[in-house]
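Read the figures in this text as sums done on the coordinates, not as results from a lab. Quick caveat: nothing in here was measured; it's all calculated off a predicted structure. Don't worry about glycine lacking a Cβ; one is built from the backbone with ideal geometry, like all the others, and counts go over all protein chains shown.
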Amino acid sequence: MTSRIHASFPNGSGAREAGLKLQALRILELEENGDGASFTATVEDELIDRALHLIRDTGGTAQL
C-alpha cells in the first residue's frame with residue numbers, strides 16, 4: 001500500500017533538502033506545490049515513519 005504525505009516548511013527553509021532526501025529513500029512520487037515551501041510525497045507504507053521523521057528533522061510539518 002501507499003500513503004500521501006503533505007509537508008510544509010516555514011519560509012521554504014528545508015523543503016528542497018527534505019525533497020532530495022526523500023528521493024534518496026526511493027519514494028514513489030514527489031509533487032512540489034510551486035511555492036517552494038510545500039510538497040506532497042507518495043511513499044510506500046514501510047517508509048512512512050522514516051519519511052515523517054526526515055520531514056520533521058529538516059524543519060517541516062507533515063500530515064498524512
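Condition first: touching a Phe, Trp or Tyr at 6+ places or on another chain (Cβ under 9 Å), part of a loop (DSSP other than H, G, I, E, B) and either of a type in the set (Phe, Trp, Tyr) or surrounded by fewer than 17 Cβ atoms within 10 Å (Cβ to Cβ) (or both). Now tell me which residues in the range 10-46 satisfy that.
Asn33, Gly36 - these are the residues of the range 10-46 that are touching a Phe, Trp or Tyr at 6+ places or on another chain (Cβ under 9 Å), part of a loop (DSSP other than H, G, I, E, B) and either of a type in the set (Phe, Trp, Tyr) or surrounded by fewer than 17 Cβ atoms within 10 Å (Cβ to Cβ) (or both).
Determine which member of the set Arg50, Arg4 is in contact (Cβ under 8 Å) with a residue 60 or more places away in the chain and either of a type outside the set (Phe, Trp, Tyr) or in a helix (DSSP H, G or I) (or both).
Arg4
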